[in-house]
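Scroll down for the structure; my scribbles are underneath it.
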Amino acid sequence: NETAYKKFLRQHLDTNHSGDDDQYCDEMMEKRINNVTNRCKIVNTFIHATEQKVKNVCKTKPTENTNEHKSTEEFALTKCTLQGGGDSPPCRYRAKNTTSFIIIACQNNEPVHFDGPG
Ligand code: T3P
């Protein structure tokens with residue numbers, strides 16, 4: 001069974017890109033997410049960094065919210081947002097590349113949710 005951490009990595013980690021276009025989102029959203037659920041996830045961010053760098057964010061002091069951690073460094077991100085239309089595949093996305101701090105939720109020092117740019 002997939003752990004919450006493995007799910008986070010599947011949905012949100014793409015080390016070997018620094019940002020990409022709409023077609024990147026179409027392909028990654030299909031391969032990493034939508035093929036599992038047979039739905040078009042509305043918004044999903046991919047973080048372009050090593051697994052260790054993202055995991056290290058869990059070591060920062062939590063924000064007011066107990067399990068929430070804000071990174072001390074900025075990350076290259078690609079946010080994929082569903083274009084209008086159907087809610088089952090094939091799904092079409094718009095890509096937005098940014099560099100930002102991130103806020104993630106952690107359990108046992110491992111990322112389990114992406115909460116947004118910080
Ligand atoms: P998950 O919990 O599976 O990581 O907030 C609901 C979902 O939308 C959540 O999925 C994270 C995802 N999301 C992004 O990936 N990027 C964003 O910028 C926002 C706002 C949400």
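What about Gly19, is it surrounded by 13 or more Cβ atoms within 10 Å (Cβ to Cβ), modelled with pLDDT under 95 and within 11 Å of the ligand (Cβ to nearest atom)? Give the steps one after another, and end with the answer.
Working: surrounded by 13 or more Cβ atoms within 10 Å (Cβ to Cβ): yes; modelled with pLDDT under 95: yes; within 11 Å of the ligand (Cβ to nearest atom): no.
It is false that Gly19 is surrounded by 13 or more Cβ atoms within 10 Å (Cβ to Cβ), modelled with pLDDT under 95 and within 11 Å of the ligand (Cβ to nearest atom).
Yes or no, residue by residue, for (1) within 13 Å of the ligand (Cβ to nearest atom); (2) not hydroxyl-bearing (Ser, Thr, Tyr):
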residue: Lys7; (1), (2): yes, yes
residue: Glu27; (1), (2): no, yes
residue: Thr37; (1), (2): yes, no
residue: Cys40; (1), (2): yes, yes
residue: Val43; (1), (2): yes, yes
residue: Lys53; (1), (2): no, yes
residue: Thr60; (1), (2): no, no
residue: His69; (1), (2): no, yes
residue: Cys80; (1), (2): yes, yes
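Please tell me if Gln52 is over 10 Å from the mean Cα position of the chain (by Cα) and over 15 Å from Lys79 (Cα atoms).
Working: over 10 Å from the mean Cα position of the chain (by Cα): yes; over 15 Å from Lys79 (Cα atoms): yes.
Considered against the rule, which asks whether it is over 10 Å from the mean Cα position of the chain (by Cα) and over 15 Å from Lys79 (Cα atoms), Gln52 comes out as yes.
Take the residues in segment 1-16 that are assigned to a helix (DSSP H, G or I) and in contact with a helix residue (DSSP H, G or I) (Cβ under 9 Å, 6 or more places away or on another chain); name whichever of them is surrounded by the most Cβ atoms within 10 Å (Cβ to Cβ).
Filtering segment 1-16 for residues that are assigned to a helix (DSSP H, G or I) and in contact with a helix residue (DSSP H, G or I) (Cβ under 9 Å, 6 or more places away or on another chain), the one surrounded by the most Cβ atoms within 10 Å (Cβ to Cβ) comes out as Phe8.
Looking at Glu30, is it surrounded by fewer than 19 Cβ atoms within 10 Å (Cβ to Cβ), of a type in the set (D, E, K, R) and in contact (Cβ under 8 Å) with a residue 12 or more places away in the chain? So that I can check it myself, show each step before the final result.
Values: surrounded by fewer than 19 Cβ atoms within 10 Å (Cβ to Cβ): yes; of a type in the set (D, E, K, R): yes; in contact (Cβ under 8 Å) with a residue 12 or more places away in the chain: yes.
Yes; evaluated as a whole, the condition is true for this residue.
Return the residue satisfying two criteria in turn: it lies in segment 59-96 and is touching a His at 6+ places or on another chain (Cβ under 9 Å) and of a type outside the set (D, E, K, R), and of such residues it is nearest to Thr3 (Cα to Cα).
Among those that are touching a His at 6+ places or on another chain (Cβ under 9 Å) and of a type outside the set (D, E, K, R), it is Asn67.
Considering each of Lys41, Lys96 in turn, give the residue that is under 13 Å from the mean Cα position of the chain (by Cα) and in contact (Cβ under 8 Å) with a residue 40 or more places away in the chain. If you could, list the steps in order and put the result at the bottom.
Numbers: Lys96 fails: in contact (Cβ under 8 Å) with a residue 40 or more places away in the chain.
The match here is Lys41.
The values are calculated or read from the model by the stated rules, or taken from the named source; none is laboratory data. Just so it is clear, the model here is predicted, and its values are computed rather than measured. Glycine gets a Cβ as well: all are built from the backbone with ideal geometry, and neighbour counts include every protein chain shown.
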